[in-house]
Amino acid sequence: MKGFTLNKNKLLGFILIIIIWTISYYFIGNSVILPSPIETAIAFKEIISSQNFAITIFTSLNRLIVSFLIALFLALIFGIISALNQWFYDLISPLVALFKIVPTMAIVILALIWLTNRRAPILIAVIIVFPILYEAVIKGIRDIDRNIINMTKVYKVQQKDIVRYIYIPNIINNIGAILSSTMGLCLKIIIGGEVLGQPLNSIGTSIQTEKMYLNTAGVLAWIGVLLILSLLINLASKVIICISKAIRKGLKDGQAIHKEY
Amino acid sequence: MDKLYIKNINKSFNNLEVLKDISLNFKEEEITCILGPSGCGKSTLLNIITGIITDYNGEVVGFNNKEISFIFQEDRLVPWLTVYDNIRLVLKDKYNEDQIHKRIHEYLYLTGIEDYMYYYPSSLSGGMKQRASIARALTFGGDLIIMDEPFKSLDIKSKLQILKDFKEIVQTAKSTVIFVTHDIDEAIEIGDSIYLLSDKPTYIKKAWNNLDQENLRNEILMNIMQESVD
């Protein structure tokens, strides 16, 4: 009943947006500034039925996955070393702080100077997403209850088992908690980088092209596509978390019939 | 098992005398209680016995190379592992999988939480989590079980039940136990012998080897009160 109420509210919210949008459209009376929902729907249909649509989506998603995996890989390597070694943590903390405070636009401009427009969005996303994942990895290691670690020392549990059964699950839990939001941020940055760099066949370039032709309905339609992509990414994040939990359960040698907590 | 004892243990922290001439004997297959007020240095004494603290004067005999199980004040269970896997984690290097499986079943049955074997700690009550912690120590099967105020966080009803059960389990498992507490009733209920520690600098105020005597509780209380008057 609660779920039904929630879905009903979401539907009402969506209808409210369409109503406000339609009223605003009639009030403004200019399709270049604000196209109607119907014009946007027509543009949406044209975009998704165009020949290049699949390759455009694939290219941008490919950049998203590559940049996220690079950032995750670096975060795991640097995060684990930093959490275990204070000297290394101090050594790279200025670099991480720099990544966090430099404005995105400055990174975009530098990336476009250093790299081709196809690769620049990947670098931009890596630089922005890396500190978030890096901190999650460090937290995953440092936040573990010291009492539990002391318990493993009293019982002389091997280091490899402490890493496998205590550190790794906590790192996965921490990254799992921010996976959806971080991937969403990564997608936004990739599209932003594509808008400025304009590589061939990408969502960002398509949005920029629609803007150049003053086709605002096309821009809004692409935003609709991005919205759907974000929902799919959110769903994919949940699936990844479920799979990682299943793998972890499998890692326990299938001894126990585990119940969910 | 070799004789276990400590003799004339003295320990100071920055010229503050904490332990003064402490000598204790630990009898095999018995529960030796160390009873003392909070902050008197009981944990320091345990750390000396287990070798965590090494700079002290005196003798610690028979504890070298002993396999020690520990039951802590907190349950110290890994939240994302089931009760079964929490116990299995500490047994992996000591037993093969068949032995692990049998031992876990046996001791979870003894501690009365066999039905909760595949539950995560978050699904268990405080009492059940502490039972799981006790089961972990018993399943490990070391030469010695050290308990550092393990029932401190439990409510009175859970504590009484678990104390009663624990004594039976330890007698069945024939374990040698050092039980540290500040609670007189716990010490009387569970112990085979009691050493009463004074406040700092801590020394052995009195020892009881026969806990069946009448008015034992009053006698212990008198000794504690005597210290306050002194």
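The values are calculated or read from the model by the stated rules, or taken from the named source; none is laboratory data. The model shown is predicted, which means the values in this text are computed figures rather than measured ones. Counting neighbours? That spans all protein chains shown, and the Cβs are built from the backbone with ideal geometry, glycine included.
Please go through (1) touching a residue at least 40 places away in the same chain (Cβ under 8 Å); (2) exposed (fewer than 12 other Cβ atoms within 10 Å of the Cβ) for A:Ser60 and return the number of the only condition it doesn't satisfy. Here A:Ser60 clears every test but (2). Taking the stretch B:1-84 as the region of interest, the strands (runs of 3 or more DSSP E) fully inside it that hold 3 or more residues being under 16 Å from the mean Cα position of the chain (by Cα) are B:16-26, B:31-35, B:68-71. Residues in the stretch A:66-80 that are of a type in the set (Val, Ile, Thr), buried (at least 16 other Cβ atoms within 10 Å of the Cβ) and without any contact (Cβ under 8 Å) to a residue 60 or more places away in the chain: A:Val66, A:Ile70. If you scan the stretch B:36-81, which residues turn out to be farther than 20 Å from B:Asn25 by Cβ and among the β-branched types (Val, Ile, Thr)? If the condition is that a residue be farther than 20 Å from B:Asn25 by Cβ and among the β-branched types (Val, Ile, Thr), then B:Ile52, B:Ile53, B:Thr54, B:Ile71, B:Val78 are the ones that fit. In the stretch A:239-254 there is at least one residue that is at pLDDT 85 or above and at negative phi. When the stretch B:37-53 is filtered for residues that are small (Gly, Ala, Ser), within 14 Å of chain A (Cβ to nearest Cβ) and touching a residue at least 40 places away in the same chain (Cβ under 8 Å), only B:Ser43 remains. As a summary of the residue check, B:Glu28 satisfies the conditions (1) in contact with a strand residue (DSSP E or B) (Cβ under 9 Å, 6 or more places away or on another chain); (2) under 22 Å from B:Ile204 (Cα atoms); (3) within 14 Å of chain A (Cβ to nearest Cβ) except for the one numbered (3). Name the single residue that is nearest to the other protein chains (Cβ to nearest Cβ) among those in the stretch A:131-166 being hydroxyl-bearing (Ser, Thr, Tyr) and farther than 16 Å from A:Tyr89 by Cβ. Among residues in the stretch A:131-166 that are hydroxyl-bearing (Ser, Thr, Tyr) and farther than 16 Å from A:Tyr89 by Cβ, the one nearest to the other protein chains (Cβ to nearest Cβ) is A:Tyr155. The numbered conditions (1) more than 9 Å from every other protein chain (Cβ to nearest Cβ); (2) in a loop (DSSP other than H, G, I, E, B); (3) over 19 Å from A:Asn147 (Cα atoms); (4) not hydroxyl-bearing (Ser, Thr, Tyr) are all true for B:Asp93 except (1).
Of all the listed residues (B:Lys94, B:Lys20), the sole one being in contact (Cβ under 8 Å) with a residue 40 or more places away in the chain and over 16 Å from A:Lys156 (Cα atoms) is B:Lys20.
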